[in-house]
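Below is one structure, written out as structure tokens; comments come after it.
The values are calculated or read from the model by the stated rules, or taken from the named source; none is laboratory data. For clarity, every value in this text was computed on a predicted model and none was experimentally measured. Cβ placement follows ideal geometry from the backbone for every residue including glycine, while neighbour counts extend to all protein chains displayed. All accessible areas refer to the heavy atoms of the entire protein, side chains included, with ligands and DNA or RNA removed. Shrake-Rupley method; radii C 1.70, N 1.55, O 1.52, S 1.80 Å.
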Amino acid sequence: MAIERTLSIIKPDATRRNLTGKINALFEAGGLRIVAQRRIQLSRAQAEAFYAAHSARPFFGSLCAFMTSGPVVVQVLEGENAVARNREIMGATDPAKAADGTVRKQFAESIEANSAHGSDSLDNAKIEIAFFFAGVDIVG
Ligand code: CMP
């Protein structure tokens, strides 16, 4: 078992409904520690850069519009196998397919407004954490 860090984003549908604390409670109950956290308003350019890997997908424009529709909470989660653990806690991208008790099953409104983002690999976690945080911002 390895201690990892992963990038998490609590999305605008969740901040709008004041769900940051409830979602953070699920991360903490699931064994992850919030070692950095900041509430920000993404610009369109920042959203497009963050989701550049999805730029050819048909939902890219809508996704970037949604991600800039209100504040997000960007955070670094740390723990054993944090990348996979966080994805278990979030549940499937499509809330209709997410398991009971997961963030997306409980809170997501749609496949787009799905309340949380989490890095999909350790390599991407490193890139995504560096997108938002400097080393001195992360206190383990
Ligand atoms: P996220 O984990 O942030 O990564 C890409 C996001 O695109 C995804 O969550 C969803 O919010 C959004 N999205 C919108 N439509 C789709 C789709 N059809 N398939 C996958 N992701 C989608």
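Once the cut-off is 27 Å, how many percent of the Cα-Cα pairs in the chain end up in the long-distance tail?
So the portion of pairs separated by more than 27 Å is 12 percent.
Could you calculate the contour length gain from MET1 to ALA99, that is, 0.36 nm times the residue separation minus the distance between their Cα atoms, to one decimal place in nm?
32.9 nm
Could you work out how much longer the chain between ALA84 and SER110 gets when fully extended? Use 0.36 nm per residue separation minus the Cα distance between them, nm to one decimal.
7.2 nm
So for the pair HIS54, ALA29, with labels modelled 7 Å out along Cα→Cβ, what separation do we get in nm?
2.6
Treating only the Cβ atoms of Lys and Arg (+1) and Asp and Glu (-1) as charged, compute the dipole magnitude of the chain about its Cα centre; round to the nearest 20 debye.
Charge dipole of the chain: 320 debye, to the nearest 20.
Based on Cα positions only, what radius of gyration and what Dmax would you give for region 68-140, in angstroms?
In order Rg, Dmax, the Cα atoms of region 68-140 give 13.0, 39 Å.
Divide by every residue of the chain the summed helix terms, -39500 (n - 2.57) for each DSSP H run of at least 4, and state the resulting mean residue ellipticity at 222 nm, rounded to the nearest 500 deg cm²/dmol.
-10500 deg cm²/dmol
Under 5 Å between amide hydrogens, which residues at least 5 positions from GLN37 or on another chain qualify, with H placed 1.01 Å from N in the peptide plane?
Close amide H contacts, sequence-distant or interchain: VAL76.
Using only the alpha-carbon atoms, what does region 19-70 span along each of its principal axes? Please give whole angstrom values in decreasing order.
36, 20, 18
Round to a whole number: what % of the accessible area of the chain belongs to carbon and sulfur, probe 1.4 Å? List each step's numbers first, then the result.
Working: 3640 of 6960 Å².
The nonpolar share, carbon plus sulfur, comes to 52 percent.
With a probe of 1.4 Å, find how much accessible area the chain has per residue, and write the answer as a whole number in Å².
Value returned for the chain: 50 Å² of accessible area per residue.
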